[in-house]
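Bear in mind these aren't lab numbers, they're just calculated from the coordinates by the rules spelled out. Nothing here was measured: the structure is a model prediction, and the numbers come from that model. Backbone-built Cβ (ideal geometry, glycine too); neighbour counts: all protein chains shown.
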Ligand SMILES: [Cu+2]
């Protein structure tokens, strides 16, 4: 019985080690910061950890010392220090000092990270992105560039990117662990902040960071992922103009795709736009914009980006994201229809 318990403990630690070995990946870990904001947040984490560990060590040393030095050796009662002024002062002042060391950089960083004056200036050149969160997907609007995309956020590296965050249904939270956040997206106010994506470290992360919803929002909360393509300013500009060039729905490239487009125009276009311009009021945008769906790195933020998974998703989105807003809102699709739709959607590309 005892041996069994020991084995259980060992396997528990083994599993824990396995799980934790997933941490520390450059594209998803707050412990591998990849930008100015993440650096500041990481430094604050380190500072507080050092202070806490320091306190634990000092207390432990004193504890062990006292334990051995003041063991009862005879019946003599040692000098009583209750109410000692100097001791009381020492153990009040030291924590105050430690808290100050923690508080000053934390408050300074808080103000720095919330500084969005640049974005609110008239005629400012700052890049602004309006993020809207929905159950369970993300919508990114570039108001100055007049384009919209979903699920894959595209940003330039080495410059401040400013965000307006808003939710269209319930509270969510916008978080790119390796780069910064998290900040709530609310329904009744707009939260603002900025992030900076470091060129070199974005490269190390394959130029694709992992983003998450960090506020429990419903049954598919844990699946509410997005991706962040962090690319150089040149490439970003190229992407923006490629998007802007799509003025009307792209033509299907093959016969099969044309069939798919027909089905799409009957059953899907009521929810999904295939042009990047935002002509609708916020509240009318009920589904991801698919203009550049063929360029995405994931389907619905979570599935591998290929035809097989796309067909699986269209067949039954409910198995992949319980409670999503697409399930049951269109007629059941036959295998032929699925093939045609997959061909059409995968062909929606703005760049090679
Ligand atoms: Cu959410």
Could you work out [θ]222 nm for the chain from helices alone, using -39500 (n - 2.57) per DSSP H run of at least four and dividing by all its residues? Round to the nearest 500 deg cm²/dmol.
-13000 deg cm²/dmol
Quick one: Cα centre-to-centre distance for the stretch 224-251 and the stretch 38-100, in angstrom?
56
Paramagnetic label zone (point 7 Å from Cα along Cα-to-C-beta, residue 101; backbone N under 19 Å) in the stretch 28-63
41-63
For residue 245 and residue 44, what does the FRET efficiency come to when R0 = 45 Å and r is the distance between their Cβ atoms, rounded to the nearest 0.05?
0.55
Relative contact order for the chain, counting Cα pairs under 8 Å that sit 6 or more residues apart, in percent:
17
Rank by packing, highest mean first: peptides 26-34, 64-72, with packing defined as the count of other Cβ atoms within 10 Å averaged across residues.
26-34, 64-72
What does the highest-first list of 78-91, 327-340 look like by mean Cβ count within 10 Å?
327-340, 78-91
Extension gain, residue 59 back to residue 84 (0.36 nm per residue minus Cα-Cα distance, nm):
7.1 nm
Computed over the chain: longest principal axis from alpha-carbon atoms vs helix 2-20 long axis, angle to nearest 10 degrees, is 60
Residues in the stretch 249-293, backbone N under 14 Å from the label point at residue 187 (7 Å along the Cα-to-beta-carbon vector): list them, ranges by number please.
283
